[in-house]
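Laboratory data are not the source of any read-out in this text; all were calculated from the coordinates shown. Nothing here was measured: the structure is a model prediction, and the numbers come from that model. Every residue, glycine as well, gets a Cβ built from its backbone with ideal geometry; the counts of neighbours run over all protein chains shown.
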Amino acid sequence: MPELPEVETVRRGLEPVMAGVRLSKVEQRRPNLRFPFPDNFVGRTEGQEITHLGRRAKYLIAELSSGEALIMHLGMSGRFTIEMPGEWDASPDQFAHNNAKATAHDHVVFHLENGVRVTYNDPRRFGFMDLVATDTVAECRHFAVMGIEPLGNQLSAAYVAGRAAGRSTDMKAFLLDQRHIAGLGNIYVCEALYRARLDPRRLAGTLANVKGKPTVRAERLVPLIRDVLNEAIAAGGSTLKDYRAADGALGYFQHAFAVYGREGEPCRTEGCRGMVQRITQAGRSTFFCSRCQK
């Protein structure tokens, strides 16, 4: 599933062609994706201007001139492709992943008044789209219990310690819990914990002392979470399985993975003779070096 850096990369690709532009025509080619489309989806979106294109965690949010917000989730295999005026009849290879050639998976097409066409393609149909009143976005069912953004000013060692204090869950599960920090996914949690030299099996409560204040571990971890995410965004995300950016480009952060997907390889920490291990936590693969992550 695309994680925060991949979704932010898609947002940045779509924003120049969609923000401030009216949807002249909307094609809805099936009644549902992961969930049914909202009632009268075409009627509520067609003719509306996209006043702002934002992101919350792993969701895209297009604010419409009607006072509604279009919430979009990519699921496992969803992606947007952009076709500029005059390019509609060109080879799909120029603009998207080869798999997108199967037009049967082009489920929604946004025709913009600037002549651009943006297509949502989703072979597995685990993505979805929803419409809610813009002024209720924060309280809607998608975001009501969601935690803070990891790239925002609210993320601090004190915040992490306050949420982690007294918790007996493991550190990785704590960081993946969207109720604490929204948008962190398996890949980037593994990489951040590696950089912070923290064992993913360590209790989350060790991020706080007996008074609930941040420990050295929390102080070390927080800036590294930001670093990993920002570096991944700068690299266009990580291309694993189905992910591509809106212009069809690959992400390249996977080439910088220190542990993720590197089971059995030597640890990259200078002087460490450990090997990258893979264990399963809550049904997900965790990659780490038990020698230098404590």
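List of remarks:
- Global form of segment 150-202, assessed from the alpha-carbon gyration tensor, a/c cut-off 1.5: rounded
- For segment 157-288, a crude dipole built from +1 on the beta carbon of Lys and Arg and -1 on the beta carbon of Asp and Glu, taken about the Cα centre, is about 520 debye to the nearest 20.
- Most fluctuating residue given options Lys172, Lys211, Lys58, as computed from a GNM of the chain linking Cα atoms under 10 Å: Lys211
- CD proxy at 222 nm, helix term only [per DSSP H run n ≥ 4: -39500 (n - 2.57); per residue of the chain; nearest 500]: -6500 deg cm²/dmol
- For a modelled paramagnetic label at Ser156, 7 Å from Cα along Cα-to-Cβ, the residues of segment 209-231 in reach, with backbone nitrogen under 20 Å, are 209-227.
- Furthest towards positive pole of dipole, Phe37, Tyr159, Met275, structure part the chain, Cβ charges: Met275
- Estimated FRET transfer efficiency (Ala144, Ala234; beta-carbon r; R0 30 Å; 0.05): 0.45
- Normalising the average separation of contacting C-alpha pairs (under 8 angstrom, six or more residues apart) by the number of residues puts the relative contact order of the chain at 19 percent.
- If only the Cβ of Lys and Arg carry +1 and only the Cβ of Asp and Glu carry -1, the dipole of segment 4-139 around its Cα centre is close to 420 debye.
- Neighbour counts of C-beta atoms inside 10 Å place Met18, Met275, Met1 in the sequence Met275, Met1, Met18, starting with the fewest.
- Integer Hz, Karplus 6.51/-1.76/1.60 couplings in order for segment 202-209, x for Gly and Pro: 5, 5, 4, x, 6, 7, 10, 8
- Each of Met129, Gly75, Gly86 was scored by the projection of its Cα onto the charge dipole of segment 4-139, and the greatest displacement toward the positive side belongs to Gly75; charges sit on the C-beta of Lys, Arg, Asp and Glu.
- Relative contact order of segment 157-288, defined on C-alpha pairs under 8 angstrom at six or more residues apart (%): 23 percent
- 22 Å tail of the calculated P(r), segment 157-288, as % of Cα pairs: 38 percent
- Cys272, Cys190, Cys267 arranged by Cβ crowding within 10 Å, fewest neighbours leading: Cys272, Cys267, Cys190
- Gyration tensor (alpha-carbon) shape descriptor, segment 4-139, a/c threshold 1.5: rounded
- Alpha carbon convex hull of the chain, volume per residue in cubic angstrom: 132 Å³
- Using C-alpha pairs below 8 Å separated by at least 6 residues, the relative contact order for segment 4-139 is 31 percent.
- Listed from fewest to most Cβ neighbours within 10 Å, the set Ile279, Ile233, Ile181 follows the order Ile279, Ile233, Ile181.
- Electrostatic dipole magnitude of the chain [Cβ: Lys, Arg +1; Asp, Glu -1; Cα centre; debye, to 20]: 1660 debye
- Cα lying deepest toward the dipole's positive end in the chain, options Gly20, Val118, Cys190, charges on Cβ: Cys190
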